[in-house]
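Read the structure below first, then the notes.
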Amino acid sequence: MDDRAAEVICRQMGFTVGRLLELSIVADGTSQIWMDNLNCADWPSTKNHVEQCQHNDKDDWQWGTNDCDNSQDVGVGCDAADSTSIAGA
């Protein structure tokens, strides 16, 4: 997973800008893992939902199917785009 997938995740929640957070600041979770190996390969992405990206079980969509543990959890930071955030990118 990278910033491309983070952007799609944030767009799905109504934001316009997304960035993957460094794993060192994301604590391991303890909850259900819902998706594995998310890959939103095109950039800039026009996708609006993670189901449009590649991931495990893409052809047989089943939330919660994975082969990982919470040490692989990731976090995303989301925000709305404005002229300063776009210019500073």
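Read the figures in this text as sums done on the coordinates, not as results from a lab. Quick caveat: nothing in here was measured; it's all calculated off a predicted structure. Backbone-built Cβ (ideal geometry, glycine too); neighbour counts: all protein chains shown.
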Review point. Expressed in nm to one decimal, what extension gain is obtained for the pair THR30 and ASP2 from 0.36 nm per residue of sequence separation less their Cα-Cα distance?
Key: 7.9 nm
Study note, to complete from the structure: Here the range 68-73 yields Karplus 3J(HN,Hα) values (6.51, -1.76, 1.60; θ = phi - 60°; whole Hz; Gly and Pro given as x) of 10, 10, 5, 6, 9, 4
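Show me 72-79, 7-14 ranked by packing, highest mean number of other Cβ atoms within 10 Å first.
So the peptides 72-79, 7-14, ranked by packing, come out 7-14, 72-79.
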